[in-house]
Structure formats: structure tokens, C-alpha cells
1. For the stretch 18-31, enumerate the residues that are surrounded by fewer than 17 Cβ atoms within 10 Å (Cβ to Cβ), touching a helix residue (DSSP H, G or I) at 6+ places or on another chain (Cβ under 9 Å) and not polar (S, T, N, Q).
2. Do the conditions hold for Pro77, that is, is it open to solvent by 50 Å² or more (accessible area, probe 1.4 Å), at pLDDT below 70 and either of a type outside the set (D, E, K, R) or more than 16 Å from Gln13 (Cα to Cα) (or both)?
3. Please work out which one of (1) modelled with pLDDT of 90 or more; (2) open to solvent by 70 Å² or more (accessible area, probe 1.4 Å); (3) not in a loop (DSSP other than H, G, I, E, B) is the condition Asp62 fails and give its number.
Amino acid sequence: MAGADKPLVRSLQRGLRIINVVAERGPLHAKPVARRVGLPLPTTYHLLRTLVHDGYLARLDDGSYVLGGRLDWTGIPMANAAGRSLAAVASGASGD
């Protein structure tokens, strides 16, 4: 595990926080994502766009975001992942 004296990649941390929020609460629009992760809206849009481009999130026709096909390694259909943390999705635990 990284020690306190080693630098961390903040943009990666932010992107992962966004993925976790969308996994727990999605589908979500950009503004609620920004509020939940505590980032400015423009920064959130940039990160969301990158996560969509790389397949970690998907943007729906109404502009909201859900987990993308790149996270399909979980073996759980993404529609069933709504309302669960990324850790729960990865472990196969139920959201109840």
C-alpha cells in the first residue's frame, strides 16, 4: 500500500470517486455527480467525458451517466448494479 510520503494521482482518485458515485446512485446527471464528489462542474464534465470515452461509464440519451461496458468484468449486468457500491458490484454482493 502507498505510504503517506508517496504522491498519489489526484485525477485518478477523482475518476474513481465518480465511478463509485455512479455505481451507488446512478443513473445520475453531471451536476449531482459533481456535488457528490465535491468537484467543480467543469472538472466533473472533463472526467465524465474521459470515463465515457474509455468505456468505464456510458452516457444515456437523457444525459445521465451509468456504469459502462468496460466494467463488465464483474459478470453482473450493469442494469443490476444500480444502487450498489463498486466494491459490492465487484464482489457480487447484493445491494440489500
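The values are calculated or read from the model by the stated rules, or taken from the named source; none is laboratory data. Since the structure is predicted, the reported quantities are computational estimates derived from the model, not experimental observations. Note that each Cβ is placed from the backbone with ideal geometry, even for glycine, and that neighbours are counted across all protein chains shown. Surface areas here come from the heavy atoms of the whole protein model, side chains and all, with no ligands, DNA or RNA. Shrake-Rupley method; radii C 1.70, N 1.55, O 1.52, S 1.80 Å.
1. Within the stretch 18-31, Arg25, Lys31 qualify.
2. yes
3. Asp62 satisfies all of (1) modelled with pLDDT of 90 or more; (2) open to solvent by 70 Å² or more (accessible area, probe 1.4 Å); (3) not in a loop (DSSP other than H, G, I, E, B) except (3).
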